[in-house]
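Since the structure comes first, as structure tokens, the remarks are kept for the end.
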């Protein structure tokens with residue numbers, strides 16, 4: 001895990017556009033739990049398994065009072081195609097300049113592998129569970145992509 005953030009830390013603010021063209025920020029999730037998950041690239045095997053795991057379990061996640069927001073460095077067009085192909089039922093944030101990934105320490109701030117991935121424009125796979133007050137509650141540094149939703153549900 002490349003991030004320097006840990007449970008109890010304030011979640012870094014972020015701003016960006018989602019799949020549907022809406023501008024979002026951390027403040028939009030105040031009063032709700034947020035599952036903010038960073039992934040390397042749209043429509044790759046691991047990223048698809050992870051997204052589909054969350055998609056298939058969005059109801060139990062919502063029942064626990066949480067919303068899901070995926071983040072990668074691809075643009076809105078790529079996110080729209082990925083969302084449509086897999087019928088994703090949560091938004092994806094287009095972090096094309098990598099600003100959000102760097103703020104969360106998942107883009108080029110780890111070891112050599114992280115730096116090589118960042119050079120290719122890919123973030124590390126890390127999930128942050130952010131509480132209603134905007135603080136990091138949990139960090140999943142090595143998500144099990146096929147069972148990621150259950151990992152998240154167990155932490156909520």
- [ ] Look at the stretch 19-39 and say how many of its residues are surrounded by 19 or more Cβ atoms within 10 Å (Cβ to Cβ) and in contact with a helix residue (DSSP H, G or I) (Cβ under 8 Å, 6 or more places away or on another chain).
- [x] 6
TODO: Identify all residues within the stretch 17-37 that are within 17 Å of residue 134 (Cα to Cα) and outside any loop (DSSP other than H, G, I, E, B); write none if there are none.
DONE: 24, 25, 26, 27, 28, 29, 33, 34, 35, 36, 37
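What do you reckon, is residue 12 in contact (Cβ under 8 Å) with a residue 40 or more places away in the chain, surrounded by fewer than 19 Cβ atoms within 10 Å (Cβ to Cβ) and closer than 17 Å to residue 107 by Cβ?
For residue 12, the condition - in contact (Cβ under 8 Å) with a residue 40 or more places away in the chain, surrounded by fewer than 19 Cβ atoms within 10 Å (Cβ to Cβ) and closer than 17 Å to residue 107 by Cβ - is met.
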TODO: Please go through the stretch 68-102 and pick out each residue that is closer than 15 Å to residue 20 by Cα and without any contact (Cβ under 8 Å) to a residue 24 or more places away in the chain.
DONE: 75, 77, 84
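Laboratory data are not the source of any read-out in this text; all were calculated from the coordinates shown. Just so it is clear, the model here is predicted, and its values are computed rather than measured. We place every Cβ from the backbone using ideal geometry, glycine too, and count neighbours over all the protein chains shown.
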